[in-house]
Amino acid sequence: MKRRGVTPAASGLSRRAGNTITKHTNAFHKIQVAILLLFLAMLSMVLYSVTSLSSSESTGDTGTHTSLQQFVKSHKSSLREHSNPSPPESITVDELITHSISQNPEKPPPTTTAFPKNKDGVGWVEGEKRVKKRLTKLLERQSRGLDLGVPITTRFLGDATPLWEGEDLSNTADNTEEHSTKEQSHTFPIPTTNKSYTIGILPTFGHHRPSVDAILAFAEGYDLPQYVIFLETLRQTGYTGDVVLSVATLERLARGVEGYLRSYVLDIGEDKEGMNVVVYTVPWLCTNKKGETVNGVKEGMSLCTAPFYHHNGIPIPDPRAARPVATARYELYWIWSTRYEGESMMLLIDSRDAYFQLPPFEGVERSGGGGGGESGGSGILHFFEENSTAINIGKSSFNARWIREAYGKESFDKIKAKTVICSGTTMGEQIAIESYLRAMVLQFDETHCILKGCDQGFHNYIHYFHVLENATGIQKTVTHEQGSATSAVNNLAALRDKPLKEHGLWDPKRELILNWDGSTSAIVHQYDRDKAVNIVIKKRKDKLVAEWKKTSAQAVERL
């Protein structure tokens with residue numbers, strides 16, 4: 001077996017040295033062997049470095065390039081095609097980090113943020129450990145879309161032979177609707193932060209049905225009418241999957257909410273199909289901006305932690321810093337997503353300002369590959385835009401601030417002309433959603449952005465900087481234009497210049513939100529920005545609540 005960091009010739013010398021020890025036992029030859037072994041040990045610590053590092057970040061290119069991990073997968077065969085005397089049969093990221101060196105020390109590589117100059121002003125890296133450290137840093141940066149497509153050289157292919165020239169494999173235009181991710185080459189870390197930690201929170205009432213579709217929503221702090229409009233309009237579409245909600249602790253729930261939610265809990269093992277509600281009551285620990293402890297999440301303005309995990313069966317404090325629940329909810333969504341099978345469709349949605357007009361997943365493209373097959377165990381992710389004519393990232397003071405706060409002005413400048421993608425509605429097969437949620441949690445870990453709304457900054461960043469490109473579990477991402485007939489969600493917040501009726505998106509006679517072509521929108525989001533629509537929905541809430549109370553009272557009488 002070849003020793004890491006030792007050339008094939010040196011390996012031969014090592015074997016001959018072993019034979020010498022076996023055949024000759026006199027002291028003179030033992031000394032010779034000792035000197036030879038010492039020499040080999042010194043050779044194994046030869047200087048490693050990486051050359052010709054050209055950062056795509058510095059050129060302003062946000063296109064998709066092959067990263068270290070992509071490079072490893074796509075160039076295994078090419079390693080065997082070169083005439084190097086003893087090339088390896090394959091190469092792993094670890095081997096790349098260990099063996100990538102430069103054979104041209106007279107020409108230092110350019111300095112980048114991943115490979116800064118040393119104290120002598122030279123961009124070389126001295127020693128194997130330092131090379132590993134710097135290349136590991138490069139790998140981490142590439143997982144965030146930085147320093148993609150950089151050339152790497154290695155002695156395996158001869159002196160300064162570049163393995164990767166930085167070609168663009170994406171074939172994706174700026175405004176493309178579908179972004180394919182054919183090669184599965186990197187996996188985001190699990191949000192537990194430690195492999196020994198396990199998920200510790202369980203439903204307060206209700207149970208997950210792993211094989212059905214699921215709608216996930218953070219729904220804390222609402223009155224009964226808000227839950228009723230969300231769930232009743234969903235039930236009326238014929239939906240028979242799970243609805244998973246995070247609500248306030250039971251003693252703090254508004255009057256009537258617990259009883260209403262429990263009415264939609266199906267018994268374990270119940271044969272009949274139907275909509276099933278699963279409820280979590282997370283014990284958030286929150287503080288205000290002054291650091292004072294507060295009760296409740298205060299509409300997301302507080303900074304909160306939660307005991308999501310256990311260690312050896314014992315609850316542990318939140319390993320992450322306090323953050324808005326709008327950010328922390330993605331960790332909660334990730335926990336919930338693990339309760340379902342790969343092919344289950346999932347919708348992540350803001351429940352406060354949304355309701356349903358048609359079945360939510362009807363006509364939505366699926367890969368059908370959550371469990372394997374042609375898709376290779378990957379699914380399709382669906383993102384939904386806000387109106388591109390009314391607003392973009394740069395024109396929105398909120399979206400601009402979230403991107404600048406989390407990623408800096410340079411990243412903001414690269415995507416400020418892009419359409420805002422709403423983080424309040426995301427859809428896809430479980431296998432793709434689970435991977436996406438890992439990426440969202442990772443964004444907080446890397447940016448530590450604690451502004452309320454930074455989750456939308458994360459959402460837009462990972463899309464426009466192709467962080468999800470080649471991510472395990474994601475076959476492709478489909479981005480839907482606001483109000484298009486193929487979009488399951490109609491995001492309305494950006495359309496405030498005039499009433500939705502004048503836009504042709506509200507039919508007051510049928511009381512329906514429409515797409516631009518006049519078809520009915522399946523899922524309505526941000527309806528409360530329009531006065532006329534808001535009035536109609538309020539009346540509908542009151543009617544549905546009255547019906548529920550009547551039905552509930554009749555049920556009590558029968559008992």
> Any residue at all in region 415-431 that is within 14 Å of the chain's Cα centre (by Cα), in a helix (DSSP H, G or I), at pLDDT 95 or above and not aromatic (F, W, Y)?
Replying inline: yes
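Could you list, in sequence order, all residues of region 234-253 that are among the small types (G, A, S), modelled with pLDDT of 95 or more and touching a helix residue (DSSP H, G or I) at 6+ places or on another chain (Cβ under 9 Å)?
If we filter region 234-253 for residues that are among the small types (G, A, S), which is where we start, we get 238, 241, 246, 248.
The next check asks that each one be modelled with pLDDT of 95 or more; those that pass are 238, 241, 246.
Residue satisfying the conditions is S246 alone.
Condition first: within 18 Å of A214 (Cα to Cα), open to solvent by less than 20 Å² (accessible area, probe 1.4 Å), modelled with pLDDT of 95 or more and not in a strand (DSSP E or B). Can you find one or more residues in region 310-328 that meet it?
no
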> For region 491-517, what are the residues that are closer than 27 Å to Q456 by Cβ, open to solvent by 40 Å² or more (accessible area, probe 1.4 Å) and either in contact with a helix residue (DSSP H, G or I) (Cβ under 7 Å, 6 or more places away or on another chain) or of a type in the set (A, V, I, L, M) (or both)?
Replying inline: R496, P499
>> What pairs come out if I take residues in region 244-266 that are part of a loop (DSSP other than H, G, I, E, B) and pair them with residues that are surrounded by fewer than 16 Cβ atoms within 10 Å (Cβ to Cβ) whose C-beta lies under 7 Å away, six or more apart or interchain?
In response: A248/G296; T249/P283; A254/D223; V265/F205; L266/G274
> How do the helices (runs of 4 or more DSSP H) wholly within region 440-559 filter down when requiring 2 or more residues that are in contact (Cβ under 8 Å) with a residue 40 or more places away in the chain and of a type outside the set (V, I, T): which remain?
Replying inline: 454-464, 531-558
> In region 214-245, what count of residues is obtained for those that are closer than 23 Å to A488 by Cα and open to solvent by less than 40 Å² (accessible area, probe 1.4 Å)?
Replying inline: 22
> Mind checking whether some residue in region 215-235 is over 30 Å from D318 (Cα atoms), out of contact with any Gly (no Cβ under 7 Å at 6 or more places or on another chain) and of a type in the set (G, A, S)?
Replying inline: no
>> V277 - would you say it is assigned to a strand (DSSP E or B) and touching a strand residue (DSSP E or B) at 6+ places or on another chain (Cβ under 6 Å)?
In response: yes
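The values are calculated or read from the model by the stated rules, or taken from the named source; none is laboratory data. Nothing here was measured: the structure is a model prediction, and the numbers come from that model. Note: ideal-geometry Cβ built from the backbone for every residue, glycine included; neighbour counts use all protein chains shown. Accessible surface is based on the protein model in full, side chains and every heavy atom, while ligands, DNA and RNA are left aside. Shrake-Rupley method; radii C 1.70, N 1.55, O 1.52, S 1.80 Å.
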